[in-house]
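Asks: There's a structure below that I have some questions on.
The values are calculated or read from the model by the stated rules, or taken from the named source; none is laboratory data. Please read these numbers as outputs of a predicted model, since none were measured by experiment. Here the Cβ positions follow ideal geometry from the backbone for every residue, glycine too, while neighbour counts run over all protein chains shown.
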């Protein structure tokens, strides 16, 4: 294992820990968590900083590990569906960020596209898995869960993540945009 892989593994572990801790900011209150999306930020940052493979794994692991350790979100079906959603966020933002030019505007494009892809994965997973647990799921629930209820978290992510990434670039922690 080379030095870069070790660094990425340590950072991925840090992002998992953040994903477990940050929901305490919303007091583990599900309705606040659904609005502010505290587990999403570390996964998105991991995908950007460590790449799509680590972003995918951190997204997949974090909700399941948090469910087992803390009991929130409930393991089935919520954490299972969330793990697929967050894995998609980590995967797609890492992939888009790698493939697109390293310009600030493409960071925003990567963020928006990955947020859309993650919500689509959430919708498909919820449609397939929620009924197994007796949870209803329809278009109205999808729109409320993926868009309307999540607006504060979406706005926060669209502001915080680019600003945070810019600060990492300014401190030469990650490569600068062209």
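Asks: Condition test on residue 118, is it farther than 16 Å from residue 13 by Cα, within 11 Å of the chain's Cα centre (by Cα) and outside any loop (DSSP other than H, G, I, E, B)?
Replies: Values: farther than 16 Å from residue 13 by Cα: yes; within 11 Å of the chain's Cα centre (by Cα): yes; outside any loop (DSSP other than H, G, I, E, B): yes.
Yes: the conditions hold for residue 118.
Asks: Right, next: Can you go through 172, 149 and tell me which one is modelled with pLDDT under 95 and under 20 Å from residue 37 (Cβ atoms)? Show your work before the answer.
Replies: Details: 172 fails: under 20 Å from residue 37 (Cβ atoms).
That would be 149, the only listed residue that is modelled with pLDDT under 95 and under 20 Å from residue 37 (Cβ atoms).
Asks: I want to confirm something. Restricting to the stretch 9-36 and keeping residues that are modelled with pLDDT of 95 or more and farther than 13 Å from residue 62 by Cα, which single residue is nearest to the chain's Cα centre (by Cα)?
Replies: Result: 11.
Asks: Still on this structure: Which members of the stretch 37-82 meet the condition of being outside any helix (DSSP H, G or I) and more than 19 Å from residue 95 (Cβ to Cβ)? If you could, list the steps in order and put the result at the bottom.
Replies: We begin by selecting, within the stretch 37-82, every residue outside any helix (DSSP H, G or I); these are 37-39, 51, 71-74.
The answer is 37, 38, 39, 71, 72, 73, 74.
Asks: Looking at 28, 34, which one is outside any helix (DSSP H, G or I) and within 25 Å of residue 159 (Cβ to Cβ)?
Replies: 28
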